[in-house]
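K.L.:
The structure's right below; bear with me while I get my questions together.
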Amino acid sequence: MSIDRPRPVLVIGSANVDVAVATATLPRPGETVFGDSSAISVGGKGANQAVAAAASGAETRFIARTGSDAFGDMVRDELARRGLPTAQVLAVTEAGTGLAAIYVEHSGQNCIVVVPGANGLLTPTDIEDAQGSIAAAAILVLQCEIPHQSLYRAIDLAKECGTPVLLNPAPCQGLDLSRVASSVTYLIPNESEAAQLLARPVESLADAHDAALRLHRLGVTCAIVTLGARGCVGAWEGTTQHFAAMPVNAIDTTGAGDAFVGCFAASIAAGLTPSAAIRRAIVYAALSTTRRGAQVSYPERAEFEAALALQPAVDG
Ligand code: RIB
């Protein structure tokens, strides 16, 4: 008798090294300010989401490209330390490992400049070579730090294979949402990405309900607009629902959206409803904001399970 293994979460996306500095206030254009701490750690929206999915309990696979350099080795070493296989995180010689310059001010706000480097060399052919992995996955998780043509190819292949797609449209410049909306099961933008995608402001909670519903009506099965400390709004089956954030003393929100996405994907892969998956993802993301950095701030599974155990039971 064979025992079926659970199907894995498959993340295809970016792996970066993050160079983060903390400062009292973000510099304005032309201004130089002093920072008070700095850190170099592994990041990239794809790698962050893969680590979050694995730490949330899912068997997880990750497909990415790094440079053939010390930062690429750092990425693979850190992923392996987090229990992720690195056989599909390949080094290329034509570009260096992706790099993100991250500025975090004391309020917790951040801004990021990403130089894609080797992430830009994950080609549509590489995606086609991964068709078997896409077909075998419980869910395919994508973001927008790889070339759009590769992203679209992955979405098309997942549709052919019947694998649900979770798209985190970050960064969303140049993304043709109309090209992919009807093939995306879960779309998870933050409020500024939702505003860019819809070309309308998303500021109030009412705006977020409206934005989630508009994205859902574009063809996405389930749209979730994340709102930081205000939680998130989900839209599926024609209606919207607000989910409150878990109150924490947030010191750095870098990568919190990725923590949410990875945990949500793991929870969906485990068979939870969108509402139950959102409630878990809110806890995982909130814990990540209580420490500095992106991936480096993510809780391991034991800490996450302990925090979940303290949450009030909710049906659905
Ligand atoms: O979402 C946070 C991530 O964005 C960072 O880890 C950085 O690498 C950029 O990709």
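K.L.:
If you go through the range 172-216 one residue at a time, how many are more than 19 Å from Phe264 (Cβ to Cβ) and not in a helix (DSSP H, G or I)?
P.N.:
Number satisfying all stated conditions: 10.
K.L.:
What residue, of Cys144, Cys111, is surrounded by fewer than 18 Cβ atoms within 10 Å (Cβ to Cβ) and in contact (Cβ under 8 Å) with a residue 12 or more places away in the chain? Break it down stepwise before answering.
P.N.:
Working: Cys144 fails: surrounded by fewer than 18 Cβ atoms within 10 Å (Cβ to Cβ).
Step by step, each of Cys144, Cys111 is checked, and only Cys111 is surrounded by fewer than 18 Cβ atoms within 10 Å (Cβ to Cβ) and in contact (Cβ under 8 Å) with a residue 12 or more places away in the chain.
K.L.:
Looking at (1) open to solvent by 40 Å² or more (accessible area, probe 1.4 Å); (2) of a type in the set (A, V, I, L, M, F, W, C); (3) part of a strand (DSSP E or B); (4) in contact with a Ser or Thr (Cβ under 9 Å, 6 or more places away or on another chain), which is the only condition Ala39 fails?
P.N.:
(4)
K.L.:
Hey, another quick one. Looking only at residues that are part of a loop (DSSP other than H, G, I, E, B), away from the ligand (no atom under 16 Å from the Cβ) and not basic (Lys, Arg) in the range 1-25, which one is least open to solvent (accessible area, probe 1.4 Å)?
P.N.:
Top of the filtered list is Pro8.
K.L.:
Could you check Ala136 against (1) more than 26 Å from Gly67 (Cβ to Cβ); (2) free of Cβ contacts under 8 Å to residues at least 60 places away in the same chain and say which number it fails?
P.N.:
(2)
Table: residues versus (1) without any contact (Cβ under 8 Å) to a residue 24 or more places away in the chain; (2) part of a helix (DSSP H, G or I); (3) away from the ligand (no atom under 16 Å from the Cβ); (4) crowded, with 20+ Cβ neighbours inside 10 Å.
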{"position": "Ala80", "(1), (2), (3), (4)": "yes, yes, yes, no"}
{"position": "Ala118", "(1), (2), (3), (4)": "no, yes, no, yes"}
{"position": "Thr125", "(1), (2), (3), (4)": "yes, yes, yes, no"}
{"position": "Tyr152", "(1), (2), (3), (4)": "no, yes, yes, no"}
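K.L.:
Related question: If a residue must be free of Cβ contacts under 8 Å to residues at least 24 places away in the same chain and more than 16 Å from the ligand (Cβ to nearest atom), how many such residues does the range 36-51 contain? Walk me through how you get there before you give the answer.
P.N.:
Of all residues in the range 36-51, those free of Cβ contacts under 8 Å to residues at least 24 places away in the same chain come to 36, 38, 40.
Of the ones still in play, those that are also more than 16 Å from the ligand (Cβ to nearest atom) are 36.
So the count comes out to 1.
K.L.:
Give the range 82-103 a look and list any residue that's farther than 14 Å from Arg65 by Cβ and more than 16 Å from the ligand (Cβ to nearest atom), or say none.
P.N.:
Answer for the range 82-103, where residues must be farther than 14 Å from Arg65 by Cβ and more than 16 Å from the ligand (Cβ to nearest atom): Gly83, Pro85.
K.L.:
Moving to a separate point now. Which residue out of Thr273, Thr254 is touching a residue at least 40 places away in the same chain (Cβ under 8 Å) and within 16 Å of the ligand (Cβ to nearest atom)?
P.N.:
That would be Thr254, the only listed residue that is touching a residue at least 40 places away in the same chain (Cβ under 8 Å) and within 16 Å of the ligand (Cβ to nearest atom).
The values are calculated or read from the model by the stated rules, or taken from the named source; none is laboratory data. Owing to the predicted nature of the structure, the values given are computational and were not obtained by experimental measurement. For neighbour counting, all protein chains shown are included, and Cβ atoms are generated from backbone atoms with ideal geometry for every residue, glycine included. The accessibility values were calculated without ligands, DNA or RNA, using every heavy atom of the protein model including side chains. Shrake-Rupley method; radii C 1.70, N 1.55, O 1.52, S 1.80 Å.
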